[in-house]
Structures are given as structure tokens and as C-alpha cells.
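Shown next, in C-alpha cells, is the structure this report addresses.
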Amino acid sequence: MAPTLPREVFLSHANQDRDFVDSVTDVMARYTVPLWYSRSNLLGAQQWHDEIGEALRRCDWFAVVLSANSVESVWVKHELTYALRQDRFRGRIIPIMRELCDIERLSWTLHEFQIVDFTQSFEVGCESLLRVWGILLNMNS
């Protein structure tokens, strides 16, 4: 089956991982992968929980950054649980391993997914992430 380019990727993460997530989103933006990310999409005075819900309903891919912070986050767990229940996310959930952590704290089902590993190298992690959609990484661009 050929990779399916996303209409929009929902990126779930813990706020404490913001620097890492900013770096990943910069690469995704360079390759024009449409992305919903709370830091760039939530504006002041918005009902943020409503905005998150609307984005989850709209997006066709779901990525979750896995870290010691995210496995403790109630909101990351809510977002992941929602995505796991939606048929439209079947085959379109991407666990992004920022650091080794107990992912079963979020969901016992995460081990069934192909995990994109950033623990050894940021470049290799980006290459693996973009390859999900058939995009080849060029670190010189």
C-alpha cells in the first residue's frame, strides 16, 4: 500500500517537551506536512479544550511524542484514547519515541504500532517519521 499524505496531523505532546517538539515541527513544516500543534494553533482567549477537540475531529493522522513527561500527562492520555477509538485513525497513529519511557502508562496497545525512534539520533528519527508518508529527508534543504 502506498503511503497516504496527511490532510493534517494532530501532534500530541507534553508541554515540558516543547523544545523537542518545536524541532520536529520545524522539519515537518520544511517538508510541508500539514500539522496541528497546540503551540502554533492555540491562540490567547480561545477555549483551548474546544480547539483541541475540534482539531482531533478534523485531523486524519495522529502523532504522539513519548517521553517521561507525556506518559504522566492526563491530556496526552485523553488525546491518545480518543484517537485509538476512531476508525479513521486506524493505521495512522504514529508514536514518536523521544526518550525511553514506560509507554504502557499511556496505553498497553502502543507496542503494536511502529514506533518512530528519536532516542539514538534526531536525523534518523526525522528520516523515519517522514518516510511514513513517502517523503525522503534531505538535511541540506
Just the residues that are farther than 22 Å from GLU8 by Cα, modelled with pLDDT under 95 and hydrophobic (A, V, I, L, M, F, W, C), please, taken from segment 104-141.
LEU106, TRP108, MET139
How many residues are surrounded by 14 or more Cβ atoms within 10 Å (Cβ to Cβ), more than 20 Å from TYR82 (Cβ to Cβ) and over 13 Å from the mean Cα position of the chain (by Cα) if we restrict to segment 98-118?
2
Does ALA45 satisfy the condition of being at pLDDT below 95 and either assigned to a helix (DSSP H, G or I) or not aromatic (Phe, Trp, Tyr) (or both)?
yes
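Here's the yes/no breakdown for (1) at pLDDT 95 or above; (2) within 23 Å of VAL27 (Cβ to Cβ); (3) over 15 Å from the mean Cα position of the chain (by Cα); (4) not small (Gly, Ala, Ser):
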| position | (1), (2), (3), (4) |
| --- | --- |
| ALA55 | no, yes, no, no |
| SER70 | yes, yes, no, no |
| TRP75 | no, no, no, yes |
| ILE93 | yes, yes, no, yes |
In segment 74-108, which residues are part of a loop (DSSP other than H, G, I, E, B) and farther than 21 Å from CYS59 by Cα?
ARG98, GLU99, LEU100, CYS101, ASP102, TRP108
Within segment 90-141, residues being under 15 Å from GLU79 (Cα atoms) and hydroxyl-bearing (Ser, Thr, Tyr) number 2
Test LEU137 against the criterion of being surrounded by fewer than 16 Cβ atoms within 10 Å (Cβ to Cβ) and assigned to a loop (DSSP other than H, G, I, E, B), and give yes or no.
no
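The values are calculated or read from the model by the stated rules, or taken from the named source; none is laboratory data. Here the structure is a predicted model, which means the values were calculated and not measured. Virtual Cβ from ideal backbone geometry, glycine too; neighbours counted across all protein chains shown.
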